[in-house]
Amino acid sequence: MPYGLRPVGADRIGYVTAGPTKYPMADSYAGNVFFGDFVERLATGYVQRQETTTGLSPVAAHPTLGIAVGFEYTDTSGAVQQSNYYPASGGTNISVFVSDDTNQTYMVEAKGSANITFADVGDNAPVLGYAASAGSTDTGLSGIYLDTGNIAQSAAALRIVGIVEDGENENITASATVGKNVLVKIRKECLQNELEDQIP
């Protein structure tokens with residue numbers, strides 16, 4: 001079952017990645033946002049879920065801030081909540097914690113019309129599961145997953161850097177219903193922070 005992008009504690013060469021950064025979301029934000037979702041920062045300074053309902057997915061032309069990994073907000077009863085996901089129109093004083101380290105490695109489920117193998121390591125891949133309803137309000141986890149049917153797209157957001165080896169996962173034949181856990185990084189060209197670093 002898809003779970004979005006899940007940060008791992010250190011990348012594959014031992015670089016310990018930084019913790020998440022706290023960003024504001026607009027009061028009474030109208031959509032669900034889940035742990036593992038892509039988010040983007042607007043010109044207003046607020047952060048929102050990034051999805052494809054408007055055709056804007058994480059690519060170099062429309063980059064992402066990073067991955068949501070937690071939320072804090074005041075709910076409609078006035079209680080402060082800390083949660084894996086933010087429920088639509090659920091409160092005020094909303095903060096989202098974002099994994100925005102450009103060196104971060106993530107684990108994500110890969111499934112689709114083709115199997116994924118070690119031969120795909122080093123290729124770029126897009127993601128699916130962007131529907132506004134994607135994600136579980138029970139677990140708080142995103143419904144986004146890596147699309148095995150379109151690996152090697154040059155503009156895709158993710159770079160495959162490994163397949164999780166646990167004695168079983170690497171031998172799974174990925175399909176539309178069965179996924180395989182892979183390690184990825186968000187391509188720096190597709191990150192808002194990377195673009196901002198290049199501004200003189």
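The values are calculated or read from the model by the stated rules, or taken from the named source; none is laboratory data. As the structure is a prediction and not an experimental result, all values here were calculated from the model. Counting neighbours? That spans all protein chains shown, and the Cβs are built from the backbone with ideal geometry, glycine included. Ligands, DNA and RNA are excluded from the accessible area calculation, which covers all protein heavy atoms including side chains. Shrake-Rupley method; radii C 1.70, N 1.55, O 1.52, S 1.80 Å.
Computed values, structure above
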| read-out | value |
| --- | --- |
| Selection count where residues are open to solvent by 20 Å² or more (accessible area, probe 1.4 Å), in contact with a helix residue (DSSP H, G or I) (Cβ under 9 Å, 6 or more places away or on another chain) and more than 21 Å from Pro63 (Cβ to Cβ), scope the range 130-175 | 3 |
| Per-region count, the range 101-119, residues over 12 Å from the mean Cα position of the chain (by Cα) and of a type in the set (A, V, I, L, M) | 4 |
| Qualifying positions in the range 111-129 - crowded, with 20+ Cβ neighbours inside 10 Å and of a type in the set (D, E, K, R) | Lys111 |
| Qualifying residue in the range 33-40 (condition: out of contact with any His (no Cβ under 7 Å at 6 or more places or on another chain), open to solvent by 30 Å² or more (accessible area, probe 1.4 Å) and at pLDDT below 95) | no |
| Residue that is modelled with the highest pLDDT, among those in the range 71-100 that are buried (at least 19 other Cβ atoms within 10 Å of the Cβ) and over 20 Å from the mean Cα position of the chain (by Cα) | Tyr73 |
| Subset of the range 134-167 [hydrophobic (A, V, I, L, M, F, W, C) and either in a strand (DSSP E or B) or closer than 23 Å to Gly9 by Cβ (or both)] | Leu141, Ile144, Leu146, Ala157, Leu158, Ile160, Val161, Ile163, Val164 |
